[in-house]
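Asker: Starting off with a structure, shown below.
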Amino acid sequence: MRAASAPVSDLARLRLQIQGIVPPRFERPEQPVGWLGAVQSQEYWYAKWSVGQRVAGCDEVAMDRALAEGTILRTHVLRPTWHHVLPEDILWMQHATAHRVRRMMAAYDRALELDEGEYVRAKEVIAAAVAGGRHHTRSELAEKLAEVGIEAKGQRLAHLVMRAELDGVICSGVPRGKQITYALVEERAPRARELDAEEALAELTLRYFSGHGPATEKDFRWWASLTAGEARRGMEMVAGQLERWQQGERTYWWIPTHSARTSTPEAGTAHLLQAYDEYVVGYSESRGTMDVAGIAGAAPGPLLHVLVFDGQVIARWRRRPGRGDPVIEIAFVRAVGSEERKAVHEAVGRFSTFYGNEPIVAEL
């Protein structure tokens, strides 16, 4: 057990190390995805950076290749949003969580007049459309559904496609230019592991506390969309591998690697994290460990993403929209010194190198 007097800032820095951000600890893009279990990815362009910054020497070209070749898949899993997952994990992870997502979407189904019969019909049409490697865009799937009299526009189309993903029928296909496509899971992930419900829950629990710990039970429950009972049962099944970190009255759990147990997390580094990076959204109850000063909301304007130094938020940022040279706009939420400013510019440089651009910074 960690000492109760250990500061929360140490926990935040340790998470940077556990998640593979400090230093970039992985060699291939699929490795951090497997380590974290699933990586939230609804902001497609930024989501590539979330994976890439955890991989030494990775750039956007390498990420695009991984997504095109299918060594990383993109689908709706866990919470009702996009995630990157590995092909071998896609089926058992859906088995562990899809029932909860379907229940969360029930009210929307009623509002959209979608029932099980409509979902079954739509899945059959969608599966037939993409079979044999004929990857389809969402608009093309809408046309196929319309041909058989299934209304598929707007949110109704989104829910029909999402349900086919949750049921393990389709996932991301080969991108067509800037458009995403859909493909059969059995063709993109022919060696996907299938686990029964209890095995899948235990595996999900291990992945979360290995890749996201130290974290609380409520953090895990939120991340995986589980009930309190399911989260507790998962933790009981892997209790022999979990270790406790007590911080005041709050209990954290983790499965420390040898390096995390014996080394001191690197200090003095800054990182541009997109708003849906796992360091940010992988937690609910203890998300505030990255903002012990409570200043993250002080930035003005529409700056959604966070910039951390030593694991703590010091600024908000975004890539300025529009054409021309990409500019990174930064609004600091506290005064920064020369060491911090130097680390920030290094972080912007890593981000720009990933996308093949020259770093340009505009402070707001």
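The values are calculated or read from the model by the stated rules, or taken from the named source; none is laboratory data. All values derive from a computational prediction rather than experimental measurement. Glycine also receives a Cβ, built like all others from the backbone with ideal geometry; neighbour counts cover every protein chain displayed. Calculation scope for accessible area: heavy atoms of the full protein, side chains included, ligands and nucleic acids excluded. Shrake-Rupley method; radii C 1.70, N 1.55, O 1.52, S 1.80 Å.
Asker: Can you tell me which residues in region 200-220 are surrounded by 21 or more Cβ atoms within 10 Å (Cβ to Cβ) and free of Cβ contacts under 8 Å to residues at least 40 places away in the same chain?
Answerer: Taking region 200-220 first, the residues surrounded by 21 or more Cβ atoms within 10 Å (Cβ to Cβ) are 200-201, 203-205, 208-209, 211-215, 219-220.
Of everything in region 200-220, those that are surrounded by 21 or more Cβ atoms within 10 Å (Cβ to Cβ) and free of Cβ contacts under 8 Å to residues at least 40 places away in the same chain turn out to be Thr205, Phe220.
Asker: Next question. Considering only region 113-145, state which residues are among the aliphatic types (A, V, I, L, M) and either in contact (Cβ under 8 Å) with a residue 12 or more places away in the chain or closer than 16 Å to Tyr182 by Cβ (or both).
Answerer: So the first thing to find is which residues in region 113-145 are among the aliphatic types (A, V, I, L, M), and the list is 114, 120, 122, 125-131, 141-142, 145.
Of everything in region 113-145, those that are among the aliphatic types (A, V, I, L, M) and either in contact (Cβ under 8 Å) with a residue 12 or more places away in the chain or closer than 16 Å to Tyr182 by Cβ (or both) turn out to be Leu114, Ala122, Val125, Ile126, Ala127, Ala128, Ala129, Val130, Ala131, Leu141, Ala142, Leu145.
Asker: Right, here's the next one. Go through region 99-115 and give me each residue that's assigned to a helix (DSSP H, G or I), of a type in the set (A, V, I, L, M) and surrounded by fewer than 20 Cβ atoms within 10 Å (Cβ to Cβ). Spell out the reasoning first.
Answerer: Within region 99-115, the subset assigned to a helix (DSSP H, G or I) is 99-104, 106-111.
Filter again for of a type in the set (A, V, I, L, M), leaving 101, 104, 106-107, 111.
Within region 99-115, Met104, Ala106, Ala107, Ala111 qualify.
Asker: Let me ask another. Hey, among the residues in region 105-140 that are hydroxyl-bearing (Ser, Thr, Tyr) and touching a helix residue (DSSP H, G or I) at 6+ places or on another chain (Cβ under 8 Å), which one's modelled with the lowest pLDDT?
Answerer: Let us first name the residues in region 105-140 that are hydroxyl-bearing (Ser, Thr, Tyr), namely 108, 119, 137, 139.
So of that shortlist, the ones also touching a helix residue (DSSP H, G or I) at 6+ places or on another chain (Cβ under 8 Å) come out as 108, 119.
Numbers: Tyr108: 94, Tyr119: 97.
Looking at residues that are hydroxyl-bearing (Ser, Thr, Tyr) and touching a helix residue (DSSP H, G or I) at 6+ places or on another chain (Cβ under 8 Å), I get Tyr108.
Asker: Which one is least open to solvent (accessible area, probe 1.4 Å), of the residues in region 313-362 that are among the charged types (D, E, K, R), out of contact with any helix residue (DSSP H, G or I) (no Cβ under 7 Å at 6 or more places or on another chain) and not in a helix (DSSP H, G or I)? Before the answer, list the steps.
Answerer: First, pick out the residues of region 313-362 that are among the charged types (D, E, K, R): 316, 318-320, 323, 325, 329, 334, 339-342, 346, 350, 358.
After this cut, where a residue has to be out of contact with any helix residue (DSSP H, G or I) (no Cβ under 7 Å at 6 or more places or on another chain) as well, the list is 316, 318-320, 323, 325, 329, 334, 339-342, 346, 350.
Checking the rest, the ones that are also not in a helix (DSSP H, G or I) come to 316, 318-320, 323, 325, 329, 334.
Numbers: Arg316: 53, Arg318: 62, Arg319: 78, Arg320: 97, Arg323: 237, Asp325: 119, Glu329: 15, Arg334: 91 Å².
Per the criteria, the residue is Glu329.
Asker: Mind checking which pairs have a first residue in region 169-192 that is under 16 Å from Val85 (Cα atoms) and a second that is part of a strand (DSSP E or B) and aromatic (Phe, Trp, Tyr), Cβ under 8 Å, 6 or more apart or different chains?
Answerer: Ile170/Tyr182; Cys171/Tyr182; Ser172/Tyr182; Gly173/Tyr182
Asker: A further question on this structure: Name every residue in region 49-66 that is open to solvent by less than 60 Å² (accessible area, probe 1.4 Å) and either without any contact (Cβ under 8 Å) to a residue 40 or more places away in the chain or of a type in the set (Val, Ile, Thr) (or both), in order of residue number.
Answerer: Selection gives Val51, Arg54, Val55, Ala62, Met63, Ala66.
Asker: Going through region 285-300 one residue at a time, which ones are within 24 Å of Gln246 (Cβ to Cβ) and either open to solvent by 30 Å² or more (accessible area, probe 1.4 Å) or not in a helix (DSSP H, G or I) (or both)? Explain how you work it out, then say what you get.
Answerer: Taking region 285-300 as the starting set, the residues that turn out to be within 24 Å of Gln246 (Cβ to Cβ) are 285-294.
Hits for region 285-300 are Glu285, Ser286, Arg287, Gly288, Asp291, Val292, Ala293, Gly294.
Asker: Have a look at Glu143, Glu194, Glu186, Glu198 and point out the one that is at pLDDT 95 or above, out of contact with any strand residue (DSSP E or B) (no Cβ under 8 Å at 6 or more places or on another chain) and not in a helix (DSSP H, G or I).
Answerer: Glu194
Asker: Testing Arg319 on (1) within 13 Å of Ala270 (Cα to Cα); (2) charged (D, E, K, R); (3) touching an Asp or Glu at 6+ places or on another chain (Cβ under 8 Å), one condition comes back false. Which one is that?
Answerer: (1) is the only condition that Arg319 fails.
Asker: Could you list, in sequence order, the residues of region 141-179 that are basic (Lys, Arg), touching a helix residue (DSSP H, G or I) at 6+ places or on another chain (Cβ under 9 Å) and surrounded by 17 or more Cβ atoms within 10 Å (Cβ to Cβ)?
Answerer: Correct list: Lys144, Arg163.
Asker: Moving on. For region 26-74, enumerate the residues that are of a type in the set (D, E, K, R) and either modelled with pLDDT under 95 or on the phi > 0 side of the Ramachandran plot (or both). Steps first, answer last, please.
Answerer: Initially, region 26-74 is screened for residues of a type in the set (D, E, K, R), giving 27-28, 30, 43, 48, 54, 59-60, 64-65, 69, 74.
Glu43, the sole residue that qualifies.
Asker: Here is a further query. Within region 264-284, restricting attention to residues that are open to solvent by 50 Å² or more (accessible area, probe 1.4 Å) and over 17 Å from the mean Cα position of the chain (by Cα), which residue is modelled with the lowest pLDDT? I'd like the intermediate steps shown before the answer.
Answerer: Going residue by residue through region 264-284, those that are open to solvent by 50 Å² or more (accessible area, probe 1.4 Å) are 264, 266-267, 276.
Subset that is over 17 Å from the mean Cα position of the chain (by Cα): 264, 266-267.
Numbers: Thr264: 63, Glu266: 68, Ala267: 76.
Of everything passing the filter in region 264-284, Thr264 is modelled with the lowest pLDDT.
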